[in-house]
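Trainee: First the structure, which I've put down as structure tokens, then a few questions once you've had a look.
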Amino acid sequence: MKVVKQHSEFMDIAYEVAGGSNCRRRQVGAVIVRNEQILMTSSNGTPTGITFCRDGGCQRCLSGTDTGDLYESCLCTHAEQTAIARAAQEGVSIDGATLYCTLRPCLTCVKLCLEAGVLHIVYDQYIKFRAEVENAYARFTRDTRLNLVKRSKTT
Ligand SMILES: [Zn+2]
Ligand SMILES: [Zn+2]
């Protein structure tokens, strides 16, 4: 009998993966799945060669910046970005895949997902972005084929 994993199982795995994050601010996990198979997992944190964020490697995370702000000066790589980059490094196509993420992805991450061929994003925790980001986000999800949903309680 084929065991079909449910949304919740992949989200559970995303939370497990988040536990490996080296970010002092927030631990985020991402799991990329296609045909019920996990293609890639990753957490957020400082990239290879940079001191771990929890050890002071990222000035932005050390500061009291609000979640979702000043990403452009943050050295931490987002879980989704790292998962996509690792897939490229390892030659794993994620075309047509679904990405599960513990936190609502930022605008940069949804753009990367779209261009990497990800069709669906399921996230768990909601965060609200600044008004201009929300406007861009709304337009992006309306005009592109990317399907982005918050996990419902039942799945
Ligand atoms: Zn960090
Ligand atoms: Zn992001």
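Trainee: Out of the residues in the range 84-107 meeting the condition of being over 20 Å from Arg145 (Cα atoms) and touching a Gly at 6+ places or on another chain (Cβ under 9 Å), tell me which one is nearest to ligand 1 (Cβ to nearest atom).
Mentor: Leu103
Trainee: If you scan the range 70-87, which residues turn out to be surrounded by 13 or more Cβ atoms within 10 Å (Cβ to Cβ) and among the hydrophobic types (A, V, I, L, M, F, W, C)?
Mentor: Cys74, Leu75, Cys76, Ala79, Ala83, Ile84, Ala85, Ala87
Trainee: On the given criteria, is Ala88 under 24 Å from Met11 (Cα atoms), small (Gly, Ala, Ser) and touching a strand residue (DSSP E or B) at 6+ places or on another chain (Cβ under 6 Å)?
Mentor: Against the criterion (under 24 Å from Met11 (Cα atoms), small (Gly, Ala, Ser) and touching a strand residue (DSSP E or B) at 6+ places or on another chain (Cβ under 6 Å)), Ala88 does not qualify.
Trainee: Of the residues Gly20, Gly49, which is assigned to a loop (DSSP other than H, G, I, E, B), over 15 Å from the mean Cα position of the chain (by Cα) and either more than 10 Å from ligand 1 (Cβ to nearest atom) or in contact (Cβ under 8 Å) with a residue 60 or more places away in the chain (or both)?
Mentor: Of Gly20, Gly49, the one residue that is assigned to a loop (DSSP other than H, G, I, E, B), over 15 Å from the mean Cα position of the chain (by Cα) and either more than 10 Å from ligand 1 (Cβ to nearest atom) or in contact (Cβ under 8 Å) with a residue 60 or more places away in the chain (or both) is Gly49.
Trainee: Taking the residues in the range 99-112 that are in contact (Cβ under 8 Å) with a residue 40 or more places away in the chain and surrounded by 22 or more Cβ atoms within 10 Å (Cβ to Cβ) as candidates, determine which candidate is farthest from Glu9 (Cα to Cα).
Mentor: Result: Pro105.
Trainee: Could I ask something else about it? So which residues in the range 79-126 are among the hydrophobic types (A, V, I, L, M, F, W, C), under 11 Å from the mean Cα position of the chain (by Cα) and not in a helix (DSSP H, G or I)?
Mentor: Leu99, Cys101, Leu103, Cys106, Ile121, Val122
We did not get these values from a lab; they are worked out from the coordinates using the rules stated. Just so you know, these numbers come straight off a predicted model, no measurement behind them. Virtual Cβ from ideal backbone geometry, glycine too; neighbours counted across all protein chains shown.
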